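Just below is one structure, and these are the notes that go with it.
The values are calculated or read from the model by the stated rules, or taken from the named source; none is laboratory data. These figures come from a predicted structure and were not determined experimentally. Cβ sites come from the backbone with ideal geometry, for glycine too, and all protein chains shown count toward neighbours. The accessibility values were calculated without ligands, DNA or RNA, using every heavy atom of the protein model including side chains. Shrake-Rupley method; radii C 1.70, N 1.55, O 1.52, S 1.80 Å.
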Amino acid sequence: MGTVTVAGGYLESLLQGQPRPPSSPLAWFNQLRADAVERASALKVPTTRDEEWRFTDISPLLGLSFQPVSAGSALDAADVGRFHLKEAAIRLVFVDGVYAPALSRRPEKVGTGPVVANLSEAVVAHATMVKPHLARHARFQDDVFTAVNTAFMHDGALVFLPRGAAIRSPIHLLFIASQKAAASHPRCLVIAEAGSEAMVIEDYVTLQQEAYVNNAVTEIVLADHARIDHVRIQRDGIEAFHLGRCAVSLARESRYRSVAIALGARISRYNLDTLLAAEGAECTLDGLALITGRQLADTHTCIDHAMPHGTSRQSHKCIVDDTAHAVFNGKIMVRTGAQHTDSSQSSRNLLLGARARVDTKPQLEIFADDVKCAHGATVGQLDSEEVFYLKSRGLTETAARNLLTYAFGAEIIDRIPVASLKHRLERTVLDHTQRS
Amino acid sequence: MIRADSDIVLEVHGLRATVNDIEILKGIDLTVRRGEIHAIMGTNGSGKSTLAKVLAGHEAYRVTGGSVVFEGGNLLDLEPEARARAGVFLAFQYPIEIPGVANSHFLRLAYNTLRAQRGEEELDPLEFEDFVRDKMKLLEMNPDFLDRGVNEGFSGGEKKRNEILQMALLEPRLAILDETDSGLDIDALRIVTQGVNRLANRDNAIILVTHYQRMLNHIVPDYVHVMESGRIVKTGEKSLALELETRGYDWVSGERRAAAGV
């Protein structure tokens, strides 16, 4: 009873306490928001009694009162320069969820070329291509946070790649938190037409260490033979709440590669749903959660093999120190008729603190009979033979443990195809391991 | 090379050790002087690899008796990393793979740790690169091995070369080579043993732990010790290894049984 009242109050304050986004000239867009508001009001904030949230108690979020985000960013280039990636010629910056054109660097739109733009503006000019996809992949009907995001849907990135287009530069989507108690609801949509190619980097950073909420939803649609590399770095502040969702749909022979790294936030949850919707689709999902203190990082992934000859590769790792808690739930669904599916999943976890905890749950649901599915999960401490090897070369116990911890994480970070980002994160891991 | 006036590097007396409460070493006596090469031979399970690991300080082994004096100090008091810094080196029988750490990074870390110990300035990556490439030539190693993960996907021979490369970098006073010949083909054996011979000098000492005589065709020992059931049961010159090769380890056991009148 108590929970219901609190949850209702919470959603009410979240939905009503915040300024509503300005109305769009597009009736269907406004209708989507209105439907989402209705849905969000009907849904409850999940508790640990919900199976999907068994290990993740988000009740601390309910204690946070939100401040309206002041429109327009007071930040200048000097404040955010350190977050730039030198490889990324294209950059969209959002401050507390609000698009900051002065901090962004966009390509000029040339004729029928690719589009990289702020969603709320670009949706008007590109309504015909956006409408079939927006909110169709990350459905809000059963997910309260997606519903809230959709209710507030305004700024975010629209990436549209026409048939055969290839964007060479990584597209850096930089989400900066600057105000305490702000709630941001960035919304991104990536539409990759047949044979197109791009790399999208979602990067969540902060300039302050007090509580705030990031409730981000991304949809990625790949047409036949399209290729998308997706890097997602969550380095929110240590008191932040991060609720992330990404829904990916793959057409024939398309390829999606994801590297998702969770370093920040007091409580974070990332849902990554990948639908292999046509024959011969291929996805690679790599993940790393590196947490300490009292952090909680929860990753839920679903790879849905709906059609034959699909390939999926997944490697998820958690490094958990102090009293932190990591959760991994990796569902692999192979539907009837999805013959010749080739899937492998591994979940490897390193517990550093005596009170650190990990809950890992590989979940295979296979309804086809001619498939190859391998999976495995390990939870352990550092291998004493490895520690001894390094000590026998003169490294102290601490240095040896740090190096091995670093190596464990670096294996995932190495898969990020952007050198400067990779090096920066490797340094972060090194600093992290040397601190503990 | 044997020189009677040479300083003692290692003095092992009545060394006993257990693993999981099972006694593996049952009283080892061994004296190693500078400039000497000792081969320790024996069947599997005789305790020869255990002796190597106990000297390096492996925590799985508990020393239950005896003493080990290294360069005048009590070796058993030291942590493994302190032994390494004092000049004890163990070339592993099964070197550990560490994916995610570049071999060059690992080698530099080990080398700089040693330099810091000696009060010397650490080498930066570029300085180290020149230094290590030079050492790699000694072992005919491709510089590509610097960029790969530590021992990651290395063949047996490549791993052993990487071990001897570390020996070349760390210049130990006492190098213990645990079955360094296992898993090597003829060419790799030649390269690895040549490397060891170049590193052997009048100031250091080497203990070769091996099951087979073949390595001793390349590295000529001053002494050959035969271990059985946790003890050194026979010590001789290099000819003992050849005799073992033709007559087998049973011969030593038989001889002992005869001497004991059993």
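Based on what the data block shows, is A:Gly111 on the phi > 0 side of the Ramachandran plot and open to solvent by 50 Å² or more (accessible area, probe 1.4 Å)? Considered against the rule, which asks whether it is on the phi > 0 side of the Ramachandran plot and open to solvent by 50 Å² or more (accessible area, probe 1.4 Å), A:Gly111 comes out as yes. Return yes or no: is A:Val259 closer than 22 Å to A:Cys318 by Cα, in the same structural domain as A:Val159 (by TED's automatic domain parsing) and either in contact (Cβ under 8 Å) with a residue 60 or more places away in the chain or surrounded by fewer than 24 Cβ atoms within 10 Å (Cβ to Cβ) (or both)? Yes.
Are any of the residues in region B:179-192 in contact with a helix residue (DSSP H, G or I) (Cβ under 8 Å, 6 or more places away or on another chain), at pLDDT below 95, open to solvent by 40 Å² or more (accessible area, probe 1.4 Å) and within 14 Å of another protein chain (Cβ to nearest Cβ)? Scanning region B:179-192 turns up no residue that is in contact with a helix residue (DSSP H, G or I) (Cβ under 8 Å, 6 or more places away or on another chain), at pLDDT below 95, open to solvent by 40 Å² or more (accessible area, probe 1.4 Å) and within 14 Å of another protein chain (Cβ to nearest Cβ). Taken as a whole, the structure places B:Glu11 among residues that are surrounded by 17 or more Cβ atoms within 10 Å (Cβ to Cβ), acidic (Asp, Glu) and either in a strand (DSSP E or B) or touching a residue at least 24 places away in the same chain (Cβ under 8 Å) (or both).
Among the residues making up region B:226-260, those that are assigned to a strand (DSSP E or B) and among the charged types (D, E, K, R) are B:Glu228, B:Arg231, B:Lys234.
Selection of first residues in region A:396-410 that are closer than 13 Å to B:Pro80 by Cβ and of second residues that are in a helix (DSSP H, G or I), restricted to Cβ pairs under 6 Å at least 6 apart or on distinct chains, gives the following pairs, ordered by first then second residue: A:Thr396/B:Glu81; A:Ala400/A:Val387; A:Ala400/A:Leu390; A:Ala400/A:Lys391.
Among residues of region A:173-189 being of a type in the set (Gly, Ala, Ser) and outside any loop (DSSP other than H, G, I, E, B), the one that is surrounded by the most Cβ atoms within 10 Å (Cβ to Cβ) is A:Ala177. For A:Leu243, the requirement of being assigned to a strand (DSSP E or B), open to solvent by 10 Å² or more (accessible area, probe 1.4 Å) and in contact with a helix residue (DSSP H, G or I) (Cβ under 6 Å, 6 or more places away or on another chain) is met. Scanning region A:337-356 for residues being within 22 Å of the chain's Cα centre (by Cα) and more than 13 Å from A:Ser312 (Cβ to Cβ) gives a total of 4.
Within region A:380-388, is even one residue more than 12 Å from chain B (Cβ to nearest Cβ) and free of Cβ contacts under 8 Å to residues at least 40 places away in the same chain?
Just the residues of region A:380-388 that are more than 12 Å from chain B (Cβ to nearest Cβ), to begin with: A:380-381.
When the remaining residues are screened for being free of Cβ contacts under 8 Å to residues at least 40 places away in the same chain, the result is A:380-381.
Among the residues of region A:380-388, at least one is more than 12 Å from chain B (Cβ to nearest Cβ) and free of Cβ contacts under 8 Å to residues at least 40 places away in the same chain, which makes the answer yes.
Of all residues in region B:142-157, which are open to solvent by 20 Å² or more (accessible area, probe 1.4 Å) and either free of Cβ contacts under 8 Å to residues at least 24 places away in the same chain or not acidic (Asp, Glu) (or both)?
If the condition is that a residue be open to solvent by 20 Å² or more (accessible area, probe 1.4 Å) and either free of Cβ contacts under 8 Å to residues at least 24 places away in the same chain or not acidic (Asp, Glu) (or both), then B:Asn142, B:Pro143, B:Asp144, B:Phe145, B:Arg148, B:Gly153, B:Ser155, B:Gly156 are the ones that fit.
For first residues located in region A:169-197 and closer than 27 Å to A:Ser249 by Cα, partners that are basic (Lys, Arg) and lie 6+ apart or on another chain with Cβ distances below 7 Å form the pairs A:His172/A:Arg91; A:Leu174/A:Arg91; A:Glu193/A:Arg163; A:Ala194/A:Arg163; A:Gly195/A:Arg163; A:Ser196/A:Arg163; A:Glu197/A:Arg227.
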